[in-house]
Amino acid sequence: MNRQLIGHLASFGAYAIFGLNIVFCKDIANQGELSPIFLFTLRAFCAGLLFWMLGLFTRREKVPAIDLLRMAGAALLGLVLPQMTFLTAITMTAPIDLSVVQSMTPIMTMFVAAIFLKEPITWKKAGGVALSFAGVLWLIFQSTHAAGPVQTSPLGIVLTITNALCFALYLGICRPVIQRYSVVTLMKWMFLFAFLVSLPFSAKQVVALDYAAVSAKVWWEVGYLIIFATFIAYFLIPIGQQRIRPTLVSMYGYLQPIIASAVGIAIGMDRLTWMKLLAAVCVFAGVAIVNRSRARGQ
């Protein structure tokens, strides 16, 4: 029970941080001073450096080549693709729309479990998926017609769905290698691989950027992204993955729309409409139906 409690608390903490992360990333994107690929490279480098420094004070683990390859794949699914699609989508998606679509991750995790863990897809699961997708389609339709403080484009919705799918694959497929190693060992290698993958695409801006011209407000927000939304949050997620099922970890993603929407509305970055509320109800109702269906063991 203590092991499961730690897993739940870790997942809760990580996704609570991610909820505020949506608002900060949106504000950084609106400033236009840092590109998404540069921001990701900076986060990967700084967080990776922190994990390697932390590794100096923890037990060293020998990682065979095959597991290094698996960690590289985990970095692609859990860091590079989700973060790049997220940082790009945030420039063309309102916080409420982004967080609602991201709440589909548990449904996608269910599909991953069905494919790789042989969990059955029941009529209840299929009905929940259909209801959630109806909500997303309604959200796309509304985003092309409704005007608001921040416009949402269909491409932004597509990128957000891609983000949710990649992270669902990471939660499901990568669990075996995650359970074999400590969080520090796993994260230091994953962030190293993520940094190396992103560097060729961001090297030009890394060299050419006038760092002194970037506003202090942006640097404070970047500091939050690096320390909390990257280092601490990605430290907590593997702890949750090691102790509770992938679907339960992903269910804590429901905190994101609650936190992001509340903050976004409070600071005038977004507004709540009945149409968006209806889309959110469809998505959450579908997720609830899917997660209440029977598992393989039942």
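The values are calculated or read from the model by the stated rules, or taken from the named source; none is laboratory data. Owing to the predicted nature of the structure, the values given are computational and were not obtained by experimental measurement. Quick reminder, even Gly has a Cβ in these numbers, built from the backbone with ideal geometry, and neighbours come from all protein chains shown.
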- Item | Residue match in the stretch 30-39 (condition: β-branched (Val, Ile, Thr), farther than 15 Å from TYR234 by Cα and modelled with pLDDT of 85 or more) | yes
- Checked pairs for the stretch 24-35, first more than 13 Å from MET92 (Cα to Cα), second of a type in the set (A, V, I, L, M, F, W, C) and outside any helix (DSSP H, G or I), C-beta under 8 Å and 6 or more apart or across chains, list as GLU33/VAL214; LEU34/LEU209; LEU34/VAL214
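Among ILE96, ILE6, ILE22, which is the only one that is aliphatic (A, V, I, L, M), at pLDDT below 85 and touching a Lys or Arg at 6+ places or on another chain (Cβ under 7 Å)? Spell out the reasoning first.
Details: ILE6 fails: at pLDDT below 85; ILE22 fails: touching a Lys or Arg at 6+ places or on another chain (Cβ under 7 Å).
Within the list ILE96, ILE6, ILE22, the selection yields ILE96.
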- Provide a single number: the residues in the stretch 156-211 that are within 15 Å of LEU236 (Cα to Cα), part of a helix (DSSP H, G or I) and among the hydroxyl-bearing types (Ser, Thr, Tyr). 2
- Within the stretch 57-112, which residues are free of Cβ contacts under 8 Å to residues at least 40 places away in the same chain and either in a helix (DSSP H, G or I) or among the small types (Gly, Ala, Ser) (or both)? ALA65, ILE66, LEU69
- Query: Of the conditions (1) at pLDDT 95 or above; (2) of a type in the set (A, V, I, L, M, F, W, C); (3) within 19 Å of ALA203 (Cβ to Cβ), LEU50 fails just one. Which one is it?
  - Reply: (3)
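For the stretch 144-151, check the following and say yes or no: at least one residue is within 22 Å of the chain's Cα centre (by Cα), at pLDDT below 75 and under 14 Å from ALA94 (Cβ atoms).
Quick first cut of the stretch 144-151, residues within 22 Å of the chain's Cα centre (by Cα) only: 150-151.
Imposing the further condition that a residue be at pLDDT below 75 reduces the set to 150-151.
This time we only want the ones that are under 14 Å from ALA94 (Cβ atoms), so: 150-151.
Within the stretch 144-151 (the criterion being within 22 Å of the chain's Cα centre (by Cα), at pLDDT below 75 and under 14 Å from ALA94 (Cβ atoms)), the answer is yes, since at least one residue qualifies.
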- Task: Among residues belonging to the stretch 207-231 that are surrounded by 15 or more Cβ atoms within 10 Å (Cβ to Cβ) and closer than 13 Å to THR41 by Cβ, point out the one that is farthest from the chain's Cα centre (by Cα).
- Result: LEU209
- Which residues, counting only those in the stretch 58-106, are of a type in the set (D, E, K, R), in contact with a Ser or Thr (Cβ under 9 Å, 6 or more places away or on another chain) and either more than 30 Å from THR152 (Cα to Cα) or surrounded by fewer than 22 Cβ atoms within 10 Å (Cβ to Cβ) (or both)? ARG59, ARG60, GLU61
- Query: Only one of LEU49, LEU87 is in contact with a Pro (Cβ under 9 Å, 6 or more places away or on another chain) and hydrophobic (A, V, I, L, M, F, W, C); which?
  - Reply: LEU87
- Query: Would you pick out the residues in the stretch 14-33 that are touching a Ser or Thr at 6+ places or on another chain (Cβ under 8 Å) and not in a helix (DSSP H, G or I)?
  - Reply: GLU33
- Query: Which residues, taken from the stretch 1-57, are surrounded by fewer than 22 Cβ atoms within 10 Å (Cβ to Cβ) and small (Gly, Ala, Ser)?
  - Reply: GLY7, GLY13, ALA16, ALA29, GLY32, SER35, GLY55
- Message: Looking for something outside any helix (DSSP H, G or I), at pLDDT below 70 and within 23 Å of the chain's Cα centre (by Cα) - is there at least one such residue anywhere in the stretch 279-289?
- Response: no
